[in-house]
Amino acid sequence: MSHPDPTCPQTPLLDAIATPADVKALPERLLPQLAQEIRDRMVAVVSKTGGHLAPSLGVVELTLALCRVFDFPADKLIWDVGHQAYAWKMVTGRNARMETLRRFGGVRGFPFPGESPYDAAVGGHAGVALATALGFAAARDVRGGREHVIAVVGDASLTNGVSLEALNAVRHTTDRLILVVNDNGMSISRNVGALARLFARRLTGLRYNRIRAAAEAAGHRLRLNRLKAFYRGFKAIVKSVLLRNRSGIFEDLGFRYFGPIDGHDVPALCDALRAAAENAGPVVLHIATVKGKGYPPAERNPAKWHGVGPWAADAKPAACAAVRSWSEAFGAALCARAARAPAIEAITAAMRDGTGLADFFRRFPAQAHDVGICEEYAVAFAAGLAAAGRRPVVALYSTFAQRAVDNLMHDVCLPNLPVVLCLDRAGVVGPDGPTHHGLYDLAMLRALPNLEIRVPATRPALEAALDAALSRPGPTVIRYPRGYVHEGPAPRLPGASPDAPLILALGHTVFWAEPVAKALGLALEPVESVKPLPDFVRGLGARPLITLEDAAAVGGFGSAVAEVHRGPLLILGWPDRFVPQGSEPELRAACGLDAAGLRMRIAAFVGGLPGGRHG
């Protein structure tokens, strides 16, 4: 493979790698060079496409070691989360297309089985890899297979409820599974909680592991029963003195524990992986890595470089226009209200920066809670706070809030508690693709009794929605998109007559609809509440309506209008299929939601009305 772009680094070893077998065949002395070429290529690609740089930089050596020890795709590797997998994509036949990473029609930002036979499972959401791996292992055991199943799980993902449920089930499900715990002390930001502290203490045990490794090597070389017996006793003594049984959490669950291992030492990783593969029972391999390894800006600030947009040659993420994002507007509004109302509590799930809460955490630390990658817990925790008289505000990305729908129903809506759930990144989110688009929240939540759902179009409307939610005695969802917020007001356009077709645009889609309504001479009205529907919507009689929403068309705002409207209705939203990755303009064009597509679809609807009424 060659790179026509002269700014691309020279990567002769990487260019010759087409499969993991090619990595296995490479002389060991060349592995450091290959690792460096992968990192150079990764930085060059992500500087143009944006992406999850720091996580993938941290697992380059692990990726190479896995390729050298196992036989993929016969053996199964499940990544959790898949934003660690850029090096994996490069050595499994996708290196030549990496310039298309996260672009429309290009290489996905996460593992996806439809993209490559080497991707065993989807890897977009944290916490599911171990459970998925158990499914692979159970199916293998039933048919008598011999392939290995390996799950690579970040230490932050182990706090996720699904991970803990899977840990509990491993020993009763299979005798052959390898869990690699990639421990870099980070999720997006610094990890929180008791498990994070446990792993940090484990990393102080490297001295013990050097002693243990020497004893194991001697035992394997001499293969003497007496020495083996001595080694076992010696190991228990050393382990007790130096580690105080800190690996007990895994051993009590039925795992054999190896580690911690230097996650940037390929020979050591290979030795440990081979030992894990030969072990008669489930194994935890605990490796210590540096998030952002090999790229100094990312090493210095791994949270900032976790996910970045394209950047210039000065190694700074691309600057944005000097306007406020929805996340920033929400964070500022919540801070202003917390300064006046000390009962407000803010909760997020490892996303304090992304949800705009960083300043809240600095100003009101006693009222701020980062619960880690635990959305279900975040909502149930908020229910407890609300029941005890506090005013909790939970800020989550829409796609991750999907995990907490049961908790919202059972713990919040059923007892009618005043919890505010703010859903950031609602709608399409661009290059992260179908695992991260926030398209299904309205359909999932609209049926829940006691719940109100607000969808502001502008910053003033966001603040008004927050004020209303904080004064309600019951639960409220406030939903808003990624990107930059309009200062308002939302546009309204009168129609040519009282019964002319009317576009009802939900939230920020009023700005999508405005030029189309003007071009077609139609009335336009912004709508900022899905539940309850505004009274004026219920009073429109048989007037022809068009609804527009940045959500799935099935079950959302348009469906709510259809339940009460007696006249002709066109529902416009995202189609009933998974929307791929790409920029928002590309995706809107592909799905008929850009200006041209909306104009064509609305004109066809209006033209089919009796008399072809255009307004």
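The values are calculated or read from the model by the stated rules, or taken from the named source; none is laboratory data. Everything numeric in this text was worked out from a predicted model, so none of it was measured. Here Cβ is always computed from backbone atoms with ideal geometry, including for glycine, and neighbour counts include all displayed protein chains. Note: areas computed on protein heavy atoms with side chains; ligands, DNA, RNA excluded. Shrake-Rupley method; radii C 1.70, N 1.55, O 1.52, S 1.80 Å.
Residues checked against (1) without any contact (Cβ under 8 Å) to a residue 40 or more places away in the chain; (2) acidic (Asp, Glu); (3) assigned to a loop (DSSP other than H, G, I, E, B):
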{"residue": "ALA464", "(1), (2), (3)": "yes, no, no"}
{"residue": "PRO473", "(1), (2), (3)": "no, no, yes"}
{"residue": "PRO481", "(1), (2), (3)": "no, no, yes"}
{"residue": "SER497", "(1), (2), (3)": "no, no, yes"}
{"residue": "ALA500", "(1), (2), (3)": "no, no, yes"}
{"residue": "THR509", "(1), (2), (3)": "no, no, no"}
{"residue": "TRP512", "(1), (2), (3)": "no, no, no"}
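If we scan region 146-153, do we find a residue that is assigned to a loop (DSSP other than H, G, I, E, B) and open to solvent by less than 10 Å² (accessible area, probe 1.4 Å)? No, the conditions are met nowhere in region 146-153.
This table checks each residue for (1) modelled with pLDDT under 95; (2) within 32 Å of the chain's Cα centre (by Cα).
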position: PHE557; (1), (2): no, yes
position: GLU563; (1), (2): no, no
position: ILE571; (1), (2): no, yes
position: ASP576; (1), (2): no, yes
position: PRO580; (1), (2): no, yes
position: ALA590; (1), (2): no, yes
position: LEU593; (1), (2): no, yes
position: ARG601; (1), (2): no, no
position: GLY615; (1), (2): yes, no
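Go through region 1-20 and give me each residue that's buried (at least 19 other Cβ atoms within 10 Å of the Cβ) and either modelled with pLDDT under 95 or touching an Asp or Glu at 6+ places or on another chain (Cβ under 7 Å) (or both).
Residues of region 1-20 that are buried (at least 19 other Cβ atoms within 10 Å of the Cβ), as a first pass: 11, 14, 17, 20.
Residues satisfying the conditions are THR11, LEU14.
Evaluate the following for GLU528: is it within 35 Å of the chain's Cα centre (by Cα) and surrounded by 16 or more Cβ atoms within 10 Å (Cβ to Cβ)? Break it down into steps so the answer makes sense when it comes.
Values: within 35 Å of the chain's Cα centre (by Cα): yes; surrounded by 16 or more Cβ atoms within 10 Å (Cβ to Cβ): yes.
Judged against the criteria, GLU528 is a match.
Candidates in region 507-525 are the residues that are open to solvent by less than 10 Å² (accessible area, probe 1.4 Å) and in contact with a Pro (Cβ under 8 Å, 6 or more places away or on another chain); of these, the one that is nearest to LEU462 (Cα to Cα) is GLY507. Kindly indicate the residue of region 251-302 that is of a type in the set (Lys, Arg) and not in a strand (DSSP E or B) and also most open to solvent (accessible area, probe 1.4 Å) among those meeting that condition. Looking at the filtered set, the residue picked out is ARG300. Scanning region 555-609 for residues that are β-branched (Val, Ile, Thr) and outside any helix (DSSP H, G or I) yields VAL564, ILE571, VAL579.
Entry remark, region 49-63: residues being part of a helix (DSSP H, G or I) and surrounded by 24 or more Cβ atoms within 10 Å (Cβ to Cβ) number 9 in total.
Taken over region 589-615, the criterion of being in contact with a Gly (Cβ under 8 Å, 6 or more places away or on another chain), touching a residue at least 40 places away in the same chain (Cβ under 8 Å) and among the charged types (D, E, K, R) is satisfied by no residue. Any chance region 102-116 includes a residue that's farther than 23 Å from VAL46 by Cβ and either touching a residue at least 24 places away in the same chain (Cβ under 8 Å) or of a type in the set (A, V, I, L, M, F, W, C) (or both)? No.
If you check VAL23, VAL46 for being in a helix (DSSP H, G or I), open to solvent by less than 10 Å² (accessible area, probe 1.4 Å) and in contact with a Phe, Trp or Tyr (Cβ under 8 Å, 6 or more places away or on another chain), only one passes: VAL46. Filtered by the rule that a residue be modelled with pLDDT under 95, more than 20 Å from PHE605 (Cα to Cα) and among the basic types (Lys, Arg), region 525-551 gives a lone residue, ARG538.
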